[in-house]
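Here's the structure, in structure tokens; my notes come after.
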């Protein structure tokens, strides 16, 4: 079975579990302000079953940790990225899956199961799947105002962009994977997620593959190329159409060189 179809099958199975449990779940707490539901755990196990049947890869998952099978493939799983949003019921949450081969990120899938919208990329082929119909990602429409998402801890970047003459800054919250996939699909122009010490490879691997396939530039909060294996210093994504305008504002005094993730091919 082709990798794209494995990703779709796994994401839809995990998403079906999350959707079925959406209005009735038991919540426990891993840490303060860090909830987990039975749907998180059940969906991760279901996603693993799909991959085991086809390729028996290594796994890195939020709920069940690492599993080494000796395979050349590693699958990163966050079965419900944005669990707090899922628990609240506003459902800015998604199934997130990334696939590495020999240490290089080769594919990703982010599934907005409550709206049945799947963002997927294998290699440089990125697209949207809804109701079994495929749509290519669109170029961002030339709106009069840029739409930039900055999380609640991005005070430094709020200050740098406070005088942006042609822009709207919002804090959407929810799943970082879903926000990044939507940016890649053309929904908005830039995203700044600046929570030092927060973030894990399973949160961002799937969306990073989608972003890279779409030409989206990824940086950390210091303006260095973003590394999914060391994601603790925030993530900043900028669409190529507005890089020359936005990057000098986001990283004043720093020269950025249009990086693509080195581990993505």
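The values are calculated or read from the model by the stated rules, or taken from the named source; none is laboratory data. Predicted, not measured: the structure shown is a model, and the values here were computed from it. Every residue, glycine as well, gets a Cβ built from its backbone with ideal geometry; the counts of neighbours run over all protein chains shown.
Data for the structure
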{"read-out": "Filtered residues of the range 113-129 (kept if surrounded by 24 or more Cβ atoms within 10 Å (Cβ to Cβ) and within 12 Å of residue 175 (Cβ to Cβ))", "value": "113, 119"}
{"read-out": "Selection from the range 235-244 of residues that are touching a strand residue (DSSP E or B) at 6+ places or on another chain (Cβ under 9 Å) and either without any contact (Cβ under 8 Å) to a residue 60 or more places away in the chain or closer than 15 Å to residue 182 by Cα (or both)", "value": "235, 236, 237, 238, 239, 240, 243"}
{"read-out": "Residue satisfying condition, being more than 20 Å from the chain's Cα centre (by Cα), more than 15 Å from residue 92 (Cα to Cα) and modelled with pLDDT under 90, within set 144, 133, 198", "value": "144"}
{"read-out": "So residue 89, is it buried (at least 24 other Cβ atoms within 10 Å of the Cβ) and either in contact (Cβ under 8 Å) with a residue 24 or more places away in the chain or out of contact with any helix residue (DSSP H, G or I) (no Cβ under 6 Å at 6 or more places or on another chain) (or both)", "value": "no"}
{"read-out": "Residue within the range 57-72 that is out of contact with any strand residue (DSSP E or B) (no Cβ under 8 Å at 6 or more places or on another chain), farther than 24 Å from residue 126 by Cβ and either in the same structural domain as residue 231 (by TED's automatic domain parsing) or modelled with pLDDT under 95 (or both) present", "value": "yes"}
{"read-out": "Subset of the range 11-26 (residues that are modelled with pLDDT of 90 or more and in contact with a strand residue (DSSP E or B) (Cβ under 6 Å, 6 or more places away or on another chain))", "value": "11, 14, 15, 18"}
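Matching residues to (1) modelled with pLDDT under 90; (2) closer than 18 Å to residue 228 by Cα:
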residue	(1), (2)
87	yes, no
91	yes, no
95	no, yes
100	no, yes
116	no, no
137	yes, no
140	yes, no
148	yes, no
169	yes, no
